[in-house]
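One structure below.
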Amino acid sequence: MKILSAADIYKWEQATLISQNISSVELMERAAEALFQAIQQYVGERQASFVILCGFGNNGGDGLALGRMLHMAGHIVRIHLLEHTSYSAENEINQQRLHEMDISISSLSPESILEFPAKSILIDALFGYGLARPLDDRWKPLLYQINTASNPVLSIDIPSGLFADKPTPIEAPIIQAHLTYTFACAKLSLLFPKYASFTSNFQILDIGLEKNIENTLSTPYEYLQKEDVQLLIRPLQKFSHKGTFGHAYMVGGRYGSIGAAILASKAALKTGCGLITAYIPACGYTILQGAFPEAQVETDPLDTHISMFPKQITDYDAIGMGMGMGTHPDTEIALRQLFERLKLMPSIPHLLFDADAINILAKNPDWHVLIPPNSILTPHPKELERLIGLWTDDFEKIAKVRDWCRRYQQIVVIKGANTAIVLPNEMVHFNSTGNPGMATGGSGDVLSGIITSLLAQGHTPADAALLGVYLHGLAGDIAATTIHERSITATDIIAHLSSAWQHLQNPYL
Ligand SMILES: NC(=O)C1=CN([C@@H]2O[C@H](COP(=O)(O)OP(=O)(O)OC[C@H]3O[C@@H](n4cnc5c(N)ncnc54)[C@H](OP(=O)(O)O)[C@@H]3O)[C@@H](O)[C@H]2O)[C@H](O)CC1
Ligand SMILES: [K+]
């Protein structure tokens, strides 16, 4: 699914009105109907109480129309409307519809002192994507009352005060929504860690905007969903043997963190590659063989860390390296020598660099040009910062990574909530699966194993990164259905990979 700018969503909306021959009030009614259905689901069977805070534009219009529908369904509804010199036409029509039904509207100003009945749900319909500049300090008292109330806050389209597609200064007043119902497509700001306190959760509501028109709007940003990744799966063949599914080589571990290599290797096998060989320092031999009999194990001549890469390393289909590897100077030299060898080879395996492999690369900026094109780097935010330097906001971070990927023709997977996969063509895919419980030690090692496995199975690097990230998040989401998010471990993610495959390949789920 595309992630569009506010300007493009407006174009999409206007072109839909013409192509479907409907009025903007009818489209607003459709949007309110979608909101109403979603909120009915949120409250369940019970009668609920709502306080709807409406602005003077179409975001406010949505709130007014929703208020009418909730009232008609028997809920207790209080509607507040910002006093203003002029309202949008659709807003006025919806005010009129409420008057005709004798549903009262109270006035609201930035100075209002409000009382929210206990257990009522607050609906934020103050500003949507029409926000033209950050809200000024005059709005602070009103937004403070909403943000500090114990009531749940549901935002319509976007938390009021937040720009959809450009940086918002976080010292400006912004609604802190528990859940945002956003129309037609995801918005960039809903996906960025910097705004997480305003947008902890969101749900996309389909309001029937014309698909053909969406296809004409171009954007470098995509929201990665099930239907996108299903297209990337390579089918299993009846006459397959273990060689068909590729041989992955997992390089990592040092004294004290052999577990990282075990997790990555297990995840690789569970994702479906035919064979895996782990290359670890000698101290890990017994541990790895004991923990994981399916793996083949090769060891470095040194006991504590990796000091060389064996000659045959280039015989494998894919190599994932760096998990728990450490940055010992010997390891650094070994990596440099590997690059020299790769340069001389006519064809090389697909490569994934994680954790300490990235830290070594960050320490040596002159090596960046040596990383073979189409390699995958999977940094967490701190590793990314070491690699590309600081950024002032998430928009700049993404711009810097896009620049990096184009310049070096590499794929960067920025790990975190809504992991972003940035491709050499500068497309950015934000993942839709995963949960906070996955921010746990070893989760990244599992992701490296999954992606390396998909590379070994013959997926292109871009497909392996997209499918791998989605699958990893999905396994975590399925784990969270039976294990509390706080208790999810990396091993649980591996244990649920099989269900994630089943879910992904089942069209009815
Ligand atoms: N996506 C869709 O297809 C649909 C979306 N809908 C809803 O419409 C809103 C967008 O509505 P719009 O009227 O364009 O804008 P807003 O309601 O967000 O607000 C616009 C008014 O706010 C004023 N404004 C802007 N910035 C500020 C500020 N910092 N302080 C005070 N006032 C501000 C602006 O006036 P200015 O001239 O002063 O800029 C506008 O008057 C969208 O988010 C959806 O909720 C449709 O209902 C259905 C289809
Ligand atoms: K809003």
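The values are calculated or read from the model by the stated rules, or taken from the named source; none is laboratory data. Predicted, not measured: the structure shown is a model, and the values here were computed from it. Because the Cβ atoms are built from the backbone with ideal geometry, glycine has one as well, and the counts that use them run over all protein chains shown. What goes into the accessible areas is simple: the full protein's heavy atoms, side chains included, and nothing from ligands, DNA or RNA. Shrake-Rupley method; radii C 1.70, N 1.55, O 1.52, S 1.80 Å.
Numbers below:
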quantity	calculated
Residues with amide H under 5 Å from that of Val297, placed H, sequence gap 5 or more	Ala278
The chain: DSSP helices with Cα axial extent of at least 30 Å and average Kyte-Doolittle hydropathy no lower than -0.5	461-482
C-alpha center-to-center spacing [the range 406-447, the range 308-326] in angstrom	21 Å
Cβ-derived FRET efficiency at R0 22 Å, Glu210 paired with Gln96, nearest 0.05	0.20
Phi to ³J(HN,Hα) by Karplus 6.51 cos²θ - 1.76 cosθ + 1.60 over the range 344-351, Hz, x for Gly, Pro	8, 9, x, 9, 10, x, 5, 10
Mean separation of Cα contacts under 8 Å (6+ apart) over length of the chain, as relative contact order %	12 percent
Apportionment of accessible area to carbon and sulfur, the range 6-219, percent (1.4 Å)	51 percent
Long-range HN-HN contacts of Ser432 with modeled amide H, under 5 Å	Leu224
Calculated FRET efficiency for the pair Ser23/Gln409, C-beta based, R₀ 35 Å, to 0.05	0.10
Ala439-Ser499 pseudo-label distance in nm [points 7 Å out on the Cα-to-Cβ vector]	2.3 nm
Amide H contacts under 5 Å for Leu179, placed H, 5+ residues apart	Val153, Ser155
Residue-normalised accessible area of the range 148-263, expressed per residue, 1.4 Å probe, Å²	43 Å²
Prolate/oblate/rounded call for the chain, Cα gyration tensor, a/c under 1.5 rounded	prolate
Estimated distance in nm for a label pair at Gln40 and Ala399, the labels positioned 7 Å out from Cα along Cα-to-Cβ	4.5 nm
Shape of the range 294-386, Cα gyration tensor, a/c cut at 1.5	rounded
